[in-house]
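The values are calculated or read from the model by the stated rules, or taken from the named source; none is laboratory data. Values in this document were obtained by computation on a predicted structure and should not be read as measured data. Heads up, the Cβs are rebuilt from the backbone with ideal geometry, glycines too, and the neighbour counts pull from every protein chain shown. With ligands, DNA and RNA removed, areas are computed over all heavy atoms of the protein, side chains included. Shrake-Rupley method; radii C 1.70, N 1.55, O 1.52, S 1.80 Å.
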Amino acid sequence: METMCPDPSLISAFVDDEVPSPWKERLAAHVAACPACEKRVRGYAGLRQVLSAVPAGGAGEDEAAILARIENRLGARLGQRLEAPSSLPKAETPVRAAKTSPLWHRSLRLPLPLAAAAAALMVFLAGLAAAGYIRPIRPVVQSLAAAQIAPTAAQPASMEALIHYLETQDAKVNLTIELPSGDTLSSSGKPLVVRAADANYLPPSGLDGK
Amino acid sequence: VTVGRQLPFAFCAFLCICAAGLRAQESDIPPGLKDKALSVTIRAIVMGKADAVAWKANGTKATIPGIPVGVKLMGSNVAILVQLTPYEDAKGNLVLVTQSQVWVKRSDGELSYFTSLDTVNVRFGEVVLFFPLGRNADGGAAMRVEVTVDHYADPVLAGQGAAGK
């Protein structure tokens, strides 16, 4: 029957000989039969050996100095050179660890005020998005279609026929403006729509604006 | 009854008929929608030499969002039909949809036909420029149509407001 692997903290206690009988014997039997747990036990045992080899400090030694000595010992064991001196305070330890670990294994530690500010900013932006203030950027003018179509024989070929054709269309005309007669206007291209603010618009000169 | 006594009444009746005719367009808008009505102002400008205005004409039509205002500009060699449809969403944002047909008879007698469809996000009172004949490389144009969409002001209500002040 396959048994479930024990919790790593229980294995750590087992390595430290802190598990009483009969659980100690059962764990020993499982470790002997389970390669994964056996490997974990060996890892914990090696770490225990390293830590036990750290020389004891004086009575007044602070936590930073103890951690620095442990780090030194671990670094020597792994054959790695630490860039910074081992007397650095505890706060810099994760940075050095990040330099030696892959990017996707790195953890980011932020000061609590910075993390709170980031969380508040995310909540604020989410609120803006939910309220509809944040929208995808879209162009002010969207030209959906603009084309020149060459008339064929079936289409009107004279202005008179064209006027008749327009009059027969169903499009409602509310306003008809007669352009000045006699003036011949030439086309410079396709019809174009722009906002006056975007077209360097200047009020026409020479005539009253009204 | 003399003719002289009838003249003032006839003149008043004539004025009333003229006033009713002037307000015929606004009466097309259902009374319940007049507060949603928009006025579309069209200003056609033909440019002359040195970018000076050679000719212009104005016109204003009232409509409601979603109902197009059709404008026809007829010249000796051009025929332009523009449908201007303003839309206003629940937040008051305004979108103007312009659909145009432009017919131009060139000097060689051939007809050119252009069509376009554009949407423009605009503010109330903002000027939108429509160049039915396109623009030159230097930005100039033989003709332009300035379009402005604004809230419709009922002349009767506006008159009452002015009288109350």
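Values computed for the structure shown
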{"item": "Threshold 50 Å², region B:112-148 residues less accessible with all protein chains present than alone (1.4 Å probe)", "result": "B:TYR113, B:PHE114, B:THR115, B:LEU117, B:ASP118, B:THR119, B:ASN121, B:LEU129, B:LEU133, B:ARG135"}
{"item": "FRET efficiency estimate (nearest 0.05) - Cβ-Cβ, A:LEU108 to A:SER52, R0 35 angstrom", "result": "0.60"}
{"item": "Efficiency of FRET between B:ALA153 and B:ARG106 - r from beta-carbon atoms, R0 45 angstrom, step 0.05", "result": "0.60"}
{"item": "Interface B:A - total buried accessible surface [probe 1.4 Å, Å², rounded to 100]", "result": "5600 Å²"}
{"item": "A:TRP23, B:TRP103, B:TRP55, reordered so the largest accessible area comes first (probe 1.4 Å)", "result": "A:TRP23, B:TRP55, B:TRP103"}
{"item": "Separation in nanometres of the label points that stand 7 Å from Cα toward Cβ, at A:ALA131 and A:ALA28", "result": "6.8 nm"}
{"item": "B:PHE124 versus A:THR184: modelled label distance in nm, points set 7 Å from Cα along the beta carbon direction", "result": "4.6 nm"}
{"item": "Rounded to whole Hz, the Karplus (6.51, -1.76, 1.60) HN-Hα couplings of region A:25-41, x for glycine and proline", "result": "5, 5, 5, 4, 5, 5, 5, 5, 9, 10, x, 5, 5, 5, 5, 5, 4"}
{"item": "Exposure ranking of A:TYR44, B:TYR87 by accessible area [1.4 Å probe, largest first]", "result": "B:TYR87, A:TYR44"}
{"item": "Fraction of accessible area attributable to carbon and sulfur, region B:49-152 (%, probe 1.4 Å)", "result": "50 percent"}
{"item": "Region A:2-49: C-alpha gyration tensor shape, a/c 1.5 cut-off, then a/b vs b/c", "result": "oblate"}
{"item": "Flagged links, alpha-carbon separation over 26 Å, of A:LYS190/B:LYS36; A:LYS172/B:LYS49; B:LYS56/B:LYS91; B:LYS61/B:LYS105; B:LYS61/B:LYS91; A:LYS190/B:LYS91", "result": "A:LYS190/B:LYS36; A:LYS172/B:LYS49; B:LYS56/B:LYS91; B:LYS61/B:LYS105; A:LYS190/B:LYS91"}
{"item": "FRET efficiency estimate (nearest 0.05) - Cβ-Cβ, A:GLN142 to B:ALA137, R0 35 angstrom", "result": "0.90"}
{"item": "Virtual spin-label span in nm between A:GLU38 and A:CYS5, 7 Å along Cα→Cβ", "result": "1.4 nm"}
{"item": "Peptide B:78-86 - average C-beta neighbours from other chains (10 Å radius)", "result": "4"}
